[in-house]
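Novice: Below is one structure. I have some questions about it.
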Amino acid sequence: WDNADFSRGVGTTYYQEFSTLNTAKPPFVLDVEAKVRRYLRSSYSAVWTLKITWEKAPAYAARTDTRKTVTYQAVLTTDGFRSYILMLYQDGGMQWDYTRLTSTNVLIGYT
C-alpha cells in the first residue's frame with residue numbers, strides 16, 4: 001500500500017478500533033467473525049478488531065493523475081490467541097492503471 005499518494009489532497013485514510021472484550025459487539029465485528037468462521041471453518045470470537053480504510057486513494061505519483069482512485073480496507077482481528085487480516089477492495093478490485101505506476105512489480109495483498 002505504499003504506492004498510494006495523498007500528497008495532492010485527494011483521498012483520505014482513517015481507522016476504527018473495536019475492543020470487544022466483555023462488551024456488546026457491533027454489527028461490523030459480528031460480520032468479521034462470520035467471515036473468519038466461513039473462510040476458515042473454525043470457531044472464532046473477536047476480542048479486538050481494527051478497520052483501516054484508504055478512501056479514494058490515488059496511485060503514486062498523484063502529481064500526474066488524481067482521477068483514478070480506489071477504496072480499500074484492511075481489517076485486523078484477534079481472539080487473543082489467533083490473529084487474522086481481511087483485505088477488502090471496492091467492487092471490481094484495484095482500479096489503478098498499473099502500466100502508469102513507477103514500479104512494474106505490482107502485488108495486491110501481502111506475502
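Novice: Could you check how much of the accessible area of the stretch 12-100 is carbon and sulfur, as a whole percent, using a 1.4 Å probe?
Specialist: Answer for the stretch 12-100 is 53 percent, counting heavy atoms of protein chains only.
Novice: 7 Å from Cα along Cα→Cβ at both Ile85 and Leu30: what's the point-to-point distance in nm?
Specialist: 2.8
Novice: So with the 1.4 Å probe, I'd like the accessible area per residue for the stretch 12-100, rounded to whole Å².
Specialist: Normalised by residue count, the accessible surface of the stretch 12-100 is 63 Å².
Novice: Under 19 Å between C-alpha atoms is the cut-off here; go through the stretch 12-100 and count lysine pairs that meet it, provided they're at least eight residues apart or on different chains.
Specialist: So the count works out to 4.
Novice: Let me ask you something else. If you place +1 on the Cβ of every Lys and Arg, -1 on the Cβ of every Asp and Glu, and leave all else neutral, what size is the dipole of the stretch 12-100 about its Cα centre, to the nearest 20 Debye?
Specialist: Magnitude of the dipole: close to 160 debye.
The values are calculated or read from the model by the stated rules, or taken from the named source; none is laboratory data. Predicted model only: the values in this text are computed from it and were never measured. Here the Cβ is made from the backbone with ideal geometry for all residues, glycine too, and neighbour counts use every protein chain on show. Please note that ligands, DNA and RNA were not included when accessible areas were found on the heavy atoms of the full protein model with its side chains. Shrake-Rupley method; radii C 1.70, N 1.55, O 1.52, S 1.80 Å.
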